[in-house]
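Below is one structure, written out as structure tokens, with a few remarks after it.
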Amino acid sequence: MDALRITGNKRLAGRVQVSGSKNTALPFLFASLLFDQEVAFENVPRLWDVETTLKLLQEMGCEYQWDKEQGRVRILPRVRQKTASYDWVKKMRAGILALGPLVAKFGEARVSLPGGCAIGARPVNFHLEALKRLGAQVEVEEGYILASVPSRLKGCSIVFPEVSVTGTENVLFWGAFAEGETVIENAAQEPEVVALGKLLQSFGARIEGLGTSVVKLVGGPLRAPQQSISIPSDRIETGTWISIAMATQSALEITHAAGAELGSVLKAFRQMGLGIEEQEQGRILKITPGESYEAVAVETEPYPGFPTDMQAQVLVNMCQSQGVSHMRENIFENRFMHVAELRRLGARIETEGNLARVEGLTRLKGAPMMATDLRASASLVVAALMAEGTSTISRIYHLDRGYDRLDLKLQNLGADVTRVAQ
Ligand code: EPZ
């Protein structure tokens, strides 16, 4: 297992390019199951989760080529078994997205229940309840979801008790094929959901209301894409670079950025006192460090609110503010795993339930740490870059699941970062 050794408290300089969005690439790759001929993708990020998705598709019978240098993937859908096995789904909960296109296209699927993970139980009951309402038979046996459709999915109204990103994405797949109209209420509005909806529209799907809480679909035949599908930039990687720029007091330039999808995040950083200049509709962000930073209170919420996937990173930046800042995590029940690790560097963070209280003006000192989940590992990197001295972060496969060569990008900015085998 690899580890990262980082010596922090060093200004960085230069330009960094954001890679393709993980949480858009995954549903896009699964969407290839809807077709019989080859589907090509560009700007695919080099991530373990992309590898896992391609292995899942290969296990079903699909063939793929992945030019990692060029970021190009070609998938030849040849589905022989409609199964997403536990071996792969346990590595990546987003394997639940196989349920969408398999049931939509073939009327049947056998998909492993995703395990929980560090940040919470993460059930998929909303997905299964929606699928039953659309007319499928759904059983859970020996850890697998067994779904079958007697004739054809029938459009209906689906009300999500809580906003669910992949839950909404799976219903988009089903509604695009179901007979008649499907109305999704309390639909997720995340840019990744909108991107999938627009991709399905490019295949001929009739969808209205993308990006709002009520989405309407009328099912019908889809036509295969005629040209390569490009993955948009990753908004969470973009936000992570802003966090790194602030933590190291660096005037970084972030290119291929997804600034237009980070309104609530830019607002929080600006409230703290960070300078962020947006160019080309947020495709370029120029960061100007502040002399001092203000304490803020932030709450994570579904889009367009502050994203839970930026909570851990901004918690570290709150150590730089004058006074006490507050972060309330409203999406996942256990997403403060990084706090214990940050305390090892001297961070003064107290948690009570889903509220974290951060004492500012804390000088962090490097120490050994262990990553627990994807975005927690990013916050440990931000903290190590801020801290005086050297830190070692173990189990950074968590980082490699969702960030495309973050260590190399940091080295190019002058950071003292080394990947070591452990
Ligand atoms: C997606 O996960 C993202 N993953 C997550 O990103 C992200 O943190 C999350 O949305 C919230 O924005 C992908 O897109 C692949 P949810 P998802 O369904 O869809 C509860 C990352 O770091 N819930 O929106 O699994 C759930 O427990 C990852 O890239 C149910 O109770 O999240 C959570 O509390 C981490 N039953 C809340 O809803 C369900 O059936 C939101 O979950 C589904 C969800």
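The values are calculated or read from the model by the stated rules, or taken from the named source; none is laboratory data. Not measured: the values here are computed from a predicted model. Every residue, glycine as well, gets a Cβ built from its backbone with ideal geometry; the counts of neighbours run over all protein chains shown.
Observations on the structure shown:
- Matching residues, the range 234-271, being under 26 Å from Val193 (Cβ atoms), of a type in the set (Ser, Thr, Tyr) and more than 15 Å from the chain's Cα centre (by Cα): Ser243, Thr255, Ser264
- Residues that are crowded, with 21+ Cβ neighbours inside 10 Å and not in a loop (DSSP other than H, G, I, E, B), drawn from the range 117-134: Phe126, His127, Leu128, Ala130, Leu131
- Residues of the range 289-338 that turn out to be outside any loop (DSSP other than H, G, I, E, B), surrounded by fewer than 19 Cβ atoms within 10 Å (Cβ to Cβ) and of a type in the set (D, E, K, R), as a count: 3
- Close Cβ contacts (under 7 Å, 6 or more residues apart or on different chains) running from residues in the range 127-141 that are within 10 Å of Leu113 (Cβ to Cβ) and of a type in the set (Val, Ile, Thr) to residues that are within 15 Å of the ligand (Cβ to nearest atom) and at pLDDT below 95 comprise Val140/Leu113.
- Restricting attention to the range 105-164, the residues that are within 9 Å of the ligand (Cβ to nearest atom) and either basic (Lys, Arg) or more than 23 Å from the chain's Cα centre (by Cα) (or both) add up to 2.
- Checking each residue in the range 20-46 for being crowded, with 24+ Cβ neighbours inside 10 Å and more than 26 Å from Val103 (Cβ to Cβ) picks out only Gly20.
- Entry remark, the range 21-66: residues being of a type in the set (A, V, I, L, M, F, W, C) and either on the phi > 0 side of the Ramachandran plot or within 11 Å of the ligand (Cβ to nearest atom) (or both) number 4 in total.
- Subset of the range 179-230 (residues that are more than 29 Å from Ser264 (Cα to Cα) and assigned to a strand (DSSP E or B)): Glu179, Glu181, Thr182, Arg206, Val218
- Filtering the range 31-63 to residues that are of a type outside the set (Val, Ile, Thr) and part of a loop (DSSP other than H, G, I, E, B) leaves Phe35, Asp36, Gln37, Glu38, Asn43, Pro45, Arg46, Leu47, Gly61, Cys62.
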